[in-house]
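The next block holds one structure in the form of C-alpha cells; read it before the comments.
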Amino acid sequence: MLTLSGIGVVIVGFLLRLNPLLVVAVAALVTGLAAGLDPLAVIAAFGKGFNDSRYITIIYLVLPVIGLLERYGLQERARTLIAGVRAATTGRLLLGYLIFRQGTAALGLTSIAGHAQTVRPLVAPMAEAAAERQEPGIDDATRERVKAMSAATDNVGLFFGEDIFIAIASILLIKGFLEANGIVIAPLDLSVWAIPTAIAALLIHGARLLRLDATLKARR
C-alpha cells in the first residue's frame, strides 16, 4: 500500500495549487522510494522517460517563434484582415475553424493547430475583431465569451475528430481496454463508429456558434 502514497502527494499538491510538474515529479519520486527503489534508479527512470519521449518536447520550439510573431504584430494583422471581410462573423469564422480542426484531426494531423500556435495568436483575435464589427459597443464579458468560444471550438474539433483516425492513441487505448475485458474489436470499427459522434458534435457546437452570432446581432 505504501506504493500508493504518490497518489496522496498528487491530491495534496493539487489541493494546495502547487506547480503541477513539481507535484507529479515529487509523487513519482515518493512512489519509487516507497517501492524500494534506489534514489539513483528513480532519477534514472526519469531520464529514460524523458529521452524516450523527447520528440514530444519539439513543440516547445514553436512557442518562441509565436512569441516573436506576436511581438511584431501578428494579432494586429489578423484583426485587420478579418475586419476587411464584410461577410465574416464570429460564428461563421469559428464554424469554419471547427470544420478545419475536426477534418485535419480525423486525418491524424492533431498538431497542425492548437491553443498556443493557432487559437491565441490568430483565431481568437480574428473572432474578437469580427465581434467588434457586429457589436461596436462590445463589453468585456462578451469579449471574454468570444475568446472562450474560440478555445472551446478547438477543443471540440480535436476531441471528436481525432477518434476517426485509426492510429490515434485514444483508439488504441479503447481497443486495449475492451480486449482486457474480453471484447475483441478492430480499430477500424472503433473509428467508423466515431464518425456519428463527430457529426453530432459538429452540428451541436455549430448551432452554438450561430446562436452566438444571433446574440451579437440582437445587441447591435
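The values are calculated or read from the model by the stated rules, or taken from the named source; none is laboratory data. Bear in mind that the values here come from a model prediction, so they are computed numbers and not experimental data. Note that we place each Cβ from the backbone using ideal geometry, even for glycine, and neighbour counts take in every protein chain shown. When the accessible area is computed, the model is the full protein with side chains, heavy atoms only, and any ligands, DNA or RNA have been set aside. Shrake-Rupley method; radii C 1.70, N 1.55, O 1.52, S 1.80 Å.
Taken as a whole, the structure leaves residue 167 outside the set of residues that are surrounded by fewer than 13 Cβ atoms within 10 Å (Cβ to Cβ) and more than 18 Å from residue 109 (Cβ to Cβ). Of the set (1) surrounded by fewer than 17 Cβ atoms within 10 Å (Cβ to Cβ); (2) touching a residue at least 60 places away in the same chain (Cβ under 8 Å); (3) not β-branched (Val, Ile, Thr), all apply to residue 187 but (2). Determine whether the stretch 136-148 contains at least one residue that is more than 25 Å from residue 90 (Cα to Cα), open to solvent by 80 Å² or more (accessible area, probe 1.4 Å) and either at pLDDT below 85 or not aliphatic (A, V, I, L, M) (or both). Scanning the stretch 136-148, I find no residue that is more than 25 Å from residue 90 (Cα to Cα), open to solvent by 80 Å² or more (accessible area, probe 1.4 Å) and either at pLDDT below 85 or not aliphatic (A, V, I, L, M) (or both), so the answer is no.
Restricting attention to the stretch 190-213, the residues that are surrounded by 12 or more Cβ atoms within 10 Å (Cβ to Cβ) and farther than 30 Å from residue 177 by Cβ total 7.
Checked against (1) free of Cβ contacts under 8 Å to residues at least 24 places away in the same chain; (2) over 16 Å from residue 100 (Cα atoms), residue 199 passes all but condition (2). Annotation note: Cβ proximity below 7 Å between a residue of the stretch 142-171 that is over 11 Å from residue 127 (Cα atoms) and part of a helix (DSSP H, G or I) and a residue that is open to solvent by 60 Å² or more (accessible area, probe 1.4 Å) and of a type in the set (Ser, Thr, Tyr) (sequence gap 6+ or interchain) occurs for 160/197. Within the stretch 18-41, is there a residue that is within 20 Å of the chain's Cα centre (by Cα), more than 30 Å from residue 217 (Cβ to Cβ) and at pLDDT below 75? No, because not a single residue in the stretch 18-41 is within 20 Å of the chain's Cα centre (by Cα), more than 30 Å from residue 217 (Cβ to Cβ) and at pLDDT below 75.
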